[in-house]
1. Among the residues in the range 124-137, are any under 16 Å from the mean Cα position of the chain (by Cα), among the hydrophobic types (A, V, I, L, M, F, W, C), surrounded by 14 or more Cβ atoms within 10 Å (Cβ to Cβ) and over 14 Å from Gly67 (Cβ atoms)?
2. Since Cys106 meets every condition but one in (1) surrounded by fewer than 15 Cβ atoms within 10 Å (Cβ to Cβ); (2) at pLDDT below 95; (3) not hydroxyl-bearing (Ser, Thr, Tyr), which condition does it not meet?
3. Can you work out which of the residues in the range 84-105 that are among the hydrophobic types (A, V, I, L, M, F, W, C) and either touching a residue at least 12 places away in the same chain (Cβ under 8 Å) or part of a strand (DSSP E or B) (or both) is farthest from Asp25 (Cα to Cα)?
4. Got at least one residue in the range 91-102 being of a type in the set (Val, Ile, Thr) and surrounded by fewer than 15 Cβ atoms within 10 Å (Cβ to Cβ)?
5. For the range 34-52, which positions are among the β-branched types (Val, Ile, Thr) and closer than 23 Å to Glu85 by Cα?
6. Could you please give the count of residues in the range 89-118 that are under 14 Å from the mean Cα position of the chain (by Cα) and small (Gly, Ala, Ser)?
7. Restricting attention to the range 19-43, and to residues there that are surrounded by fewer than 22 Cβ atoms within 10 Å (Cβ to Cβ) and hydrophobic (A, V, I, L, M, F, W, C), which single residue is modelled with the lowest pLDDT?
8. Residues of the range 44-55 being within 13 Å of Val69 (Cβ to Cβ) and either surrounded by fewer than 18 Cβ atoms within 10 Å (Cβ to Cβ) or hydrophobic (A, V, I, L, M, F, W, C) (or both), which ones?
Amino acid sequence: MGGVSLAGERADNERMYRPCFLVVDREYSGSISTRKLVIETAKLNVITAYSGQEAIETVRRFPMINGAVIDAGIRDMPCARLVEELRIMDAELPLIVINTPGSEHCPGASFYLDSFEPAKLLELLKKVRPVESAAIELRNEELSKTQD
């Protein structure tokens, strides 16, 4: 193990802070959010809501989220209204809106993506939480070295 104890590895991992993002996505029968999977692949934590109302309730239950990724095409309320409600709850919360074909512009967001390109979304999330993202990448590098 190269002189590193399991207890030491566990302590390092426990000190790592992984940001948690709320993903507000449209619900489809028999599937889970692709955005959730992409974000979790980057080792970030995700809570998913499948409607604007569920997103509002989720933020009330979990107010310490680090940002939200919102599908502008949610069906139960206009995206602008959801952004407005989330801003009332936390004016500084980073809100990333992913525009979908035919969706209205959603004013008030912190960032906008014109399409769902996983690499662009992950790059934006790294900018939202740069210190934590760098720590996660460093940890991944360390893990890959020990697995060789």
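1. yes
2. Among (1) surrounded by fewer than 15 Cβ atoms within 10 Å (Cβ to Cβ); (2) at pLDDT below 95; (3) not hydroxyl-bearing (Ser, Thr, Tyr), Cys106 violates only (1).
3. This residue is Met89.
4. No, the conditions are met nowhere in the range 91-102.
5. Residues satisfying the conditions are Val46, Ile47, Thr48.
6. Within the range 89-118, residues that are under 14 Å from the mean Cα position of the chain (by Cα) and small (Gly, Ala, Ser) number 1.
7. Ile32
8. Across the range 44-55, the qualifying residues are Leu44, Asn45, Val46, Ile47, Ala49, Ala55.
The values are calculated or read from the model by the stated rules, or taken from the named source; none is laboratory data. Since this is a predicted model, take the numbers as computed values, not measurements. Ideal geometry is used to build each Cβ from the backbone, glycine not excepted, and the neighbour counts take in all protein chains shown.
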